[in-house]
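Worksheet: the structure to be examined is printed underneath.
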Amino acid sequence: MQETHTVKPWYKQFWPWVIIGLPTSVVIASIVTYFIALDGIDSVVSKDYYKEGLAINTDLTLDKKAAEMGLAADIEIAADSTVVLKLSAKDAQTLKSMEGRPIQFELENLSFQADNIVAVLIPTEAGVWRGKLNGQLRKATWNARVLGGEWRITQRVENTVPTHLILKS
């Protein structure tokens with residue numbers, strides 16, 4: 001007796017589909033990864049980091065001026081993005097000289113430059129400035145700055161939503 005072996009066509013066998021399926025799944029996974037990467041693209045923290053690094057020495061003079069004046073800022077940020085800044089100095093004459101001048105308050109998001117927040121604060125009474133933030137606060141690591149023209153107070157705020165800050169020079 002003669003046995004007949006019928007050979008199945010290749011497309012009905014298991015192994016050719018495994019050999020074709022593995023590279024195909026890798027191609028599909030790489031295309032999906034590409035689109036995920038495009039959607040979650042990170043912003044550049046600083047476009048001109050070299051020039052900013054060179055300028056850091058000139059920026060330190062602003063911090064030294066604030067320390068000489070003995071400045072401290074007590075900042076309250078309300079849920080509606082209203083900012084109230086109470087400024088104190090080691091002598092009353094320093095605060096008197098700042099009356100009528102606006103102060104800039106900045107929150108620099110150290111992770112995403114696009115999320116930086118700024119408020120121009122207008123003096124409302126002796127030693128008190130008020131304004132409104134131009135963006136929404138979220139949990140992040142921030143670099144908080146108060147700028148008064150010829151002086152600056154800076155402080156890093158770690159992984160939080162800042163609502164009450166005390167900055168000292």
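The values are calculated or read from the model by the stated rules, or taken from the named source; none is laboratory data. Predicted, not measured: the structure shown is a model, and the values here were computed from it. FYI the Cβ positions are ideal-geometry reconstructions off the backbone, even for glycines, and counts take in every protein chain you see. The accessibility values were calculated without ligands, DNA or RNA, using every heavy atom of the protein model including side chains. Shrake-Rupley method; radii C 1.70, N 1.55, O 1.52, S 1.80 Å.
Taking the criterion of being out of contact with any Leu (no Cβ under 7 Å at 6 or more places or on another chain) and either without any contact (Cβ under 8 Å) to a residue 12 or more places away in the chain or of a type in the set (Lys, Arg) (or both), the residues of the range 117-169 that qualify are Thr124, Glu125, Lys132, Arg138, Lys139, Arg145, Arg156, Lys168.
When residues of the range 135-169 are filtered for being farther than 25 Å from Lys65 by Cβ and either at pLDDT below 90 or among the hydrophobic types (A, V, I, L, M, F, W, C) (or both), how many remain?
12
Of all residues in the range 103-132, those satisfying the criterion of being more than 19 Å from the chain's Cα centre (by Cα) and open to solvent by less than 50 Å² (accessible area, probe 1.4 Å) are Ile103, Leu121, Pro123, Gly127, Val128, Trp129, Gly131. For the range 133-153, the set of residues classified as farther than 13 Å from Ala79 by Cα, open to solvent by 20 Å² or more (accessible area, probe 1.4 Å) and within 11 Å of the chain's Cα centre (by Cα) consists of Lys139, Thr141, Asn143, listed by residue number.
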